[in-house]
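Report on one structure; see the data block that follows.
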Amino acid sequence: MLIYLQMIEDEGDRSKFLRIYNTYRNMMYGIAVKILENEQDAEDAVHQAFLAIIEHLDDVKEEDVSRTKAFTAVITERKAIDIIRARAKFVDTHLEDTAGGIEVAYEGENDLARAMARLNPRYREALLLRYDSGYSTKEIARMMGLSRGTAQKLIWRAKEALRKELEKEGQDE
């Protein structure tokens, strides 16, 4: 913790980071363990995520809890996937479709939530960040380590995949 705080010059940013750290560290660790299935790698992923959060601390609006939670979750998931890639020593684009994603909880008979839960994690993340949390395409690109054009295409593909899932949902009834 002290290492992180020493990296931040502004006292206000330090207290902001401290609140984020205390609020989300357990959630972030849980996400990383689920993806990596290894406690040491999960700790590394969370550490890398906190370093990324420090770099983007200005983007974090604490008063918007759902947006902050989504931001920390996505950063953690991206760092965990980076560790998987490093372990494999190659970049596999198929990995994005098969890697574990953030679980989406839904209640009752909500067709949209059920369709979102069936999307691959990358698509689901892009849609949740854009339409649930309200991040811009530029912000999403930065969080996911993509170019803006790639992020736009990802969001478009995600919407298409969701449309197809909703069509399937309608046919099943």
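Can you pull out every residue in the stretch 56-86 that is loosely packed, with under 13 Cβ neighbours inside 10 Å, more than 26 Å from Gly12 (Cα to Cα) and of a type in the set (D, E, K, R)?
Hits for the stretch 56-86: nothing passes.
How many residues does the stretch 14-66 contain that are hydroxyl-bearing (Ser, Thr, Tyr) and over 20 Å from Leu2 (Cα atoms)?
1
Pick from Ala117, Ala105: which is part of a helix (DSSP H, G or I), among the small types (Gly, Ala, Ser) and modelled with pLDDT under 85?
Result: Ala117 is the single residue among Ala117, Ala105 that is part of a helix (DSSP H, G or I), among the small types (Gly, Ala, Ser) and modelled with pLDDT under 85.
Within the stretch 13-23, is even one residue in a helix (DSSP H, G or I) and under 13 Å from the mean Cα position of the chain (by Cα)?
No, the stretch 13-23 contains no residue that is in a helix (DSSP H, G or I) and under 13 Å from the mean Cα position of the chain (by Cα).
When you check Val33 against the structure, is it in a helix (DSSP H, G or I), at pLDDT 90 or above and farther than 15 Å from Ala70 by Cα, yes or no?
Working: in a helix (DSSP H, G or I): yes; at pLDDT 90 or above: yes; farther than 15 Å from Ala70 by Cα: yes.
Here the answer is yes, as Val33 does meet what is asked.
Identify, by number, the condition in (1) at pLDDT 80 or above; (2) farther than 21 Å from Thr68 by Cβ; (3) surrounded by 14 or more Cβ atoms within 10 Å (Cβ to Cβ) that Asp111 doesn't meet.
(1)
Under 19 Å from Tyr123 (Cβ atoms), modelled with pLDDT of 85 or more and either of a type in the set (A, V, I, L, M) or not in a helix (DSSP H, G or I) (or both) - does that describe any residue in the stretch 51-59? If you could, list the steps in order and put the result at the bottom.
Within the stretch 51-59, the subset under 19 Å from Tyr123 (Cβ atoms) is none.
Taking every residue of the stretch 51-59 in turn, none turns out to be under 19 Å from Tyr123 (Cβ atoms), modelled with pLDDT of 85 or more and either of a type in the set (A, V, I, L, M) or not in a helix (DSSP H, G or I) (or both).
Pull up the stretch 125-143, narrow it to residues that are exposed (fewer than 15 other Cβ atoms within 10 Å of the Cβ) and small (Gly, Ala, Ser), then point me to the one that is modelled with the highest pLDDT.
Step one: of the stretch 125-143, the residues exposed (fewer than 15 other Cβ atoms within 10 Å of the Cβ) are 131-132, 134, 136, 138.
Right, trim to small (Gly, Ala, Ser) and you get 134, 136.
Working: Gly134: 86, Ser136: 90.
My answer is Ser136.
Go through the stretch 25-60 and count every residue that is over 19 Å from Arg142 (Cβ atoms) and among the aromatic types (Phe, Trp, Tyr). Quick ask: steps written out before the conclusion?
Of the stretch 25-60, the ones over 19 Å from Arg142 (Cβ atoms) are 25-27, 29-44, 46-47.
If we keep only those that are among the aromatic types (Phe, Trp, Tyr) too, we end up with 29.
Adding up the residues that qualify gives 1.
Being touching a helix residue (DSSP H, G or I) at 6+ places or on another chain (Cβ under 7 Å), in the same structural domain as Asn26 (by TED's automatic domain parsing) and either part of a helix (DSSP H, G or I) or at pLDDT 85 or above (or both) is the requirement here; does Glu77 meet it?
yes
Per-residue answers, yes or no, for (1) at pLDDT 80 or above; (2) surrounded by 15 or more Cβ atoms within 10 Å (Cβ to Cβ); (3) touching a helix residue (DSSP H, G or I) at 6+ places or on another chain (Cβ under 7 Å):
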| residue | (1), (2), (3) |
| --- | --- |
| Tyr24 | yes, yes, yes |
| Glu39 | yes, no, yes |
| Ala99 | no, yes, yes |
| Tyr123 | yes, yes, yes |
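Consider Tyr4 carefully, then state whether it is of a type in the set (Phe, Trp, Tyr), out of contact with any Ser or Thr (no Cβ under 6 Å at 6 or more places or on another chain), assigned to a helix (DSSP H, G or I) and outside the structural domain of Leu146 (by TED's automatic domain parsing). Show your work before the answer.
Details: of a type in the set (Phe, Trp, Tyr): yes; out of contact with any Ser or Thr (no Cβ under 6 Å at 6 or more places or on another chain): yes; assigned to a helix (DSSP H, G or I): yes; outside the structural domain of Leu146 (by TED's automatic domain parsing): yes.
When the stated conditions are applied, Tyr4 passes them.
Could you please give the count of residues in the stretch 144-173 that are surrounded by 15 or more Cβ atoms within 10 Å (Cβ to Cβ), at pLDDT below 90 and either of a type in the set (Lys, Arg) or closer than 23 Å to Lys61 by Cβ (or both)?
Count: 3.
The values are calculated or read from the model by the stated rules, or taken from the named source; none is laboratory data. Keep in mind it's a predicted model, so treat the numbers as computed, not measured. Note: ideal-geometry Cβ built from the backbone for every residue, glycine included; neighbour counts use all protein chains shown.
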